[in-house]
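Visitor: Before anything else, here's the structure in question.
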Amino acid sequence: MSSQVPEEWKSEVSDILFDSETIQTRIRELGKQLSCDYRNRKPVLLGVLTGSFVFLADLIRNMTCDLEIRFMRAVSYEGTESTGTVTIEGLELLNIQSRDVLLVEDIVDTGLTLKWICEKLEKLQPKSLKICTFLSKKTKRRKTDVPQVDYVGFECEDQFVVGYGFDCDQRLRQLNFVGIYNTNK
Ligand code: 5GP
Ligand code: MG
Ligand code: MG
């Protein structure tokens, strides 16, 4: 990618993986496809906090079908390492029975978070449950029995990414690009 990491982030971000223009172009395509697939179905877009909030905000502004937005929270990482346990908050507030639900995730890495969330959501008996993730990691750590992802923004290599919603200890979410975190700093 030709874009340069802005001076103020150079010590923390080693490279740009997807620049703003590339992201917005892809999201326009995704938005078009989703608008078509969900036409006349008034889907519930269920964002998984915190990472997906930037993606979800851009995605819905590229969708033309009627829709609702809800959020839930899943925590599995501390710093750059998975803690191995997933905590889910906000499920009790969801009313998704008989609704077409589109789960909006930031990234699928091992897929464990997704598996947990889907198991819980299925119990709430949605009419349909599809998954849209901004990034999908090509990782050997991906578990085999995780749910299939229906919509993917981009595939990426097995590196720790920051920006465009992705954090490192709650920082760097505000970057308008996805960068590779500089773990040697
Ligand atoms: P999984 O359960 O699929 O292993 O991990 C999913 C969650 O871990 C994601 O929703 C995200 O919050 C976090 N995660 C996984 N890979 C990365 C990454 O490269 N950067 C950041 N910031 N978070 C990640
Ligand atoms: Mg997530
Ligand atoms: Mg995180």
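Visitor: Rank the residues Y164, Y181 as a footprinting-exposure proxy: fewest other Cβ atoms within 10 Å of their Cβ go first.
Guide: Least crowded to most crowded, the residues run Y181, Y164.
Visitor: Still on this structure, please answer the following. Near K120, which lysines are there with a Cα under 17 Å away, not counting those fewer than 8 places off in the same chain?
Guide: Straight-distance partners of K120: K130.
Visitor: Restricting attention to region 92-185, which GluC sites (Glu not before Pro) occupy a DSSP loop and are surrounded by at most 12 other Cβ atoms within 10 Å?
Guide: Qualifying residues, ordered by number: E157.
Visitor: Something else now. So which lysines pass the test for K123, namely a Cα distance under 17 Å, with those fewer than 8 places away in the same chain ruled out?
Guide: K115
Visitor: Which semi-axes, in whole Å and largest first, does the equivalent ellipsoid of the chain have when worked out from the alpha carbon gyration tensor as the square roots of 5 times its eigenvalues?
Guide: Output for the chain: semi-axes of 27, 20, 14 Å.
Visitor: Okay, next question. Give me Rg/Rg_expected for region 98-185, where Rg uses Cα atoms only and Rg_expected = 2.2 N^0.38 Å with N residues.
Guide: Rounded to two decimals, the normalised Rg is 1.19.
Visitor: Can you tell me the alpha carbon radius of gyration of region 7-61 divided by the globular rule-of-thumb value 2.2 N^0.38 Å?
Guide: 1.45
Visitor: Suppose we keep just the DSSP beta bridges with both residues in region 1-125; what percent of those would be antiparallel, to 5?
Guide: 35 percent
Taken together, the values in this text are just the output of simple stated rules run on the coordinates, not laboratory data. Predicted model only: the values in this text are computed from it and were never measured. Every residue, glycine among them, receives a Cβ derived from its backbone with ideal geometry; neighbour counts consider all protein chains shown.
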